[in-house]
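To start, the structure itself, in C-alpha cells.
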Amino acid sequence: MRFDTVIIGGGLSGLTAGISLQEAGRKVLIVSAGQNAMHFFSGNFEDIGPARDRVSALFAAAGVRTNAMDGFQLMPMGSFRPASLTLEDVTVFPDEHAAEKALIVNFTGFHDFYGTFIAEALEKAGATCRIRFVRLPEMEHLRLSPSEMRSVNIARAMDEYWEKVVGDIRVLHKDEDLIILPQVFGLKDTAVLDKIRTALPARVAFVGTMPPSVPGIRTQMLLKRRFEVLGGTFLMGDEVTSAALHEGVVSSITTRNLDTARIFADHFILASGGYFSKGLVTTPTQVTEPLFGLDIAYPENRSDWYDADFFAHQPYMDFGVKTDAELHAIKDGEPVQNLFAIGSVLGNTRKEDFGTAAGMAIRTAFAAVDTIKGGNV
Ligand SMILES: Cc1cc2nc3c(=O)[nH]c(=O)nc-3n(C[C@H](O)[C@H](O)[C@H](O)COP(=O)(O)OP(=O)(O)OC[C@H]3O[C@@H](n4cnc5c(N)ncnc54)[C@H](O)[C@@H]3O)c2cc1C
C-alpha cells in the first residue's frame, strides 16, 4: 500500500492536516488509535491567532460552524476564559457581565453540569440567577443509573425530545434575559441549536458539561467525514506499531490490524498527541516518544518536571518532541527528512511560533502541510 502522506493520529491536528492535504489533491491515510482530546473539548480553540480565517473556512466546508469573535466563554466551573474562535454552541460574551437575570436549567439526575458554580460566577458580576430542573418521563430509563445519565446519552434522547424540553423551559421562564442550558444538544448536527434558540423567549447560552463533550464529539465526527468525502482513508481504532527509519528517512509503517503489511509514503506526520493520548510516555526517569524514539525536550533532573504548587503552571506540560524550524522531527540530534511532528506531541516546545492548545494543534498542522505542498521537505 502506498500513500502520499501517512498521518499517525486522528485528533484535531491529524484531521486538520489530512483534510488540507486531501483538498490539495494528495492521497492521505490517517491511522487513529482511539479517543482524542476533542472528546473533552470545551468548544474554544484557544490561541488560534493568525490561523483563524483559514481554519474557519476548513471547518465551514466540513459543516462545523464556528463563532469567529473576540470575547469571553463561560466555562463549566463558572470562570470566564478569553475566546476568539469557538464552536457555534458557545455563546461569546463581550465581558463577564453576561446577563442582568439568568435562568439556569439542568436535567434532574444529571450530575455533570454545575449550575451552582455558574450562578456564583454570574452573581459576582451583578446578575441574579435562578436554577431550575427539567424532568422528562421519557428519560427515566437513563436516570435509573448515574452512569447512563451522561451528556452523550442525553444528547441522543434530545434529538427526539428537545421540543418537550423547550416547552418546560418556557413555563419556567419569567423575565430573564439569558437562559443557560448544558451542552447536550446536537450530537450529529447543530440544526437543533438554532431551533432551540428560536423557540425560547430569551438569549440562550449552551455551557459545557463534564466530559464527554457533545460539541467536541460532533466536531471530530464531521471532520472525519469531510476527510473521507475528499477521498482520504481513515483507519479507526487501529494503531501504528512500527516504523522503518533509516538514514534520516522514514520509508514505511505497520499497524496492529494490518499485521505485517507495510504502508509506504513520501511523507509521514506524527500527530499522536501528548501524555493523554500516549503520544508521549513517561517512566519515573524518562519522557519518551514511543513510536520513533524521537528526541524530547525536557530537563534530566526529575524535580524540575513539576511544581510542588498544584495550581502553578506544571513544567511537564511543556515537554515534547524536538523539531527544526519546519517541524521536521529530530532523532539523535538530526532532523528526519520526511517526518513532521504536529499538535500536542510537541508539548509547548514551539509556543513562541505556534502558541498553545488547540490553536497550536491547528497552526502546526497548517505549517507542516504548507511545507509538504511546497515540496520543501
Ligand atoms: C482532555 C483535554 C482537553 C482539552 N481541551 C481543550 C480545549 O477545550 N481547548 C483547547 O484549545 N485545547 C484543549 N486541549 C488541548 C489539546 O491538546 C488540543 O486542543 C488538541 O485537540 C490536541 O490535538 P492533537 O491532534 O494534537 O492530539 P490528540 O487529540 O491527543 O489526538 C492524538 C490521537 O493520536 C492517536 N494515537 C496516538 N498514538 C498512536 C499510534 N501509535 N497510532 C495511531 N494513533 C495514535 C490517539 O489515540 C489520539 O486519537 C485539551 C487537551 C486535553 C488533553
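One table, with the values for the structure above:
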quantity: Contact order normalised by residue count of the chain, Cα under 8 Å, 6+ apart, percent; calculated: 22
quantity: Rounded tilt (10° steps) of 357-374 against the dominant C-alpha axis of the chain; calculated: 40
quantity: Within the accessible area of the range 316-377 (1.4 Å probe), percent carbon and sulfur; calculated: 46
quantity: Label-point gap, in nm, between residue 168 and residue 60 - each point 7 angstrom along Cα→Cβ; calculated: 3.7
quantity: Derived scalar couplings ³J(HN,Hα) [the range 252-267; Karplus, 6.51 cos²θ - 1.76 cosθ + 1.60; whole Hz; x for Gly, Pro]; calculated: 7, 10, 10, 10, 4, 6, 8, 6, 8, 5, 9, 10, 9, 7, 6, 10
quantity: Sequence-distant residues sharing a close amide H with residue 107 (under 5 Å, placed H); calculated: 134
quantity: In Hz, Karplus ³J(HN,Hα) per residue of the range 106-111 (6.51, -1.76, 1.60; θ = phi - 60°; x = Gly, Pro); calculated: 10, 9, 4, x, 8, 9
quantity: Rounded Å value of the spacing that divides the Cα centres of the range 253-271 and the range 286-302; calculated: 22
quantity: Segment residue 352-residue 197, length gained on full extension (0.36 nm per residue, minus Cα span); calculated: 51.9 nm
quantity: The chain: angle of helix 52-62 to the longest principal axis, Cα-based, in degrees nearest 10; calculated: 80
quantity: Probe 1.4 Å, accessible area per residue of the chain, Å²; calculated: 44
quantity: The range 217-238 and the range 303-377: distance between their alpha carbon centers, rounded to Å; calculated: 24
quantity: Stretch gain in nm, segment residue 275-residue 161, where the contour uses 0.36 nm per residue and the Cα spacing is subtracted; calculated: 37.2 nm
quantity: Amide hydrogen neighbours beyond the local backbone of residue 340, cut-off 5 Å, H modeled; calculated: 268, 269, 270, 329
quantity: Nearest 10 degrees, 0 to 90: helix 214-229 Cα axis against the chain principal axis; calculated: 50
quantity: The chain - Rg and Dmax from Cα coordinates, angstrom; calculated: 22.2, 71
quantity: Cut-off under 5 Å, modelled amide H: who pairs with residue 3 long-range; calculated: 264, 265, 266
quantity: In sequence order, calculated HN-Hα J values of the range 16-32 (Karplus, 6.51, -1.76, 1.60; Hz; x Gly/Pro); calculated: 4, 5, x, 5, 4, 6, 5, 4, 8, x, 8, 9, 10, 10, 10, 10, 10
quantity: Approximate spin-label separation residue 101-residue 334, in nm, with each point projected 7 Å along Cα-to-Cβ; calculated: 7.2
quantity: Low-density loop positions, chymotrypsin sites (Phe, Trp or Tyr not before Pro), the range 297-377 - DSSP coil, at most 14 other Cβ in 10 Å; calculated: 306, 310, 311
quantity: FRET efficiency estimate (nearest 0.05) - Cβ-Cβ, residue 210 to residue 324, R0 30 angstrom; calculated: 0.15
quantity: Virtual spin-label span in nm between residue 143 and residue 241, 7 Å along Cα→Cβ; calculated: 4.8
quantity: The range 196-264: GluC sites (Glu not before Pro) falling in loop per DSSP and having at most 15 other Cβ within 10 Å; calculated: 247
quantity: Calculated [θ] (222 nm, deg cm²/dmol) that DSSP helices of n ≥ 4 give over the chain, each run adding -39,500 (n - 2.57); calculated: -8500 deg cm²/dmol
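The values are calculated or read from the model by the stated rules, or taken from the named source; none is laboratory data. Just so it is clear, the structure is predicted and the values come from calculations on it, not from any experiment. So basically every Cβ, Gly included, is an ideal-geometry build from the backbone, and we count neighbours across all protein chains shown. Side chains are part of the model used for accessible areas, which takes the heavy atoms of the whole protein and leaves out ligands, DNA and RNA. Shrake-Rupley method; radii C 1.70, N 1.55, O 1.52, S 1.80 Å.
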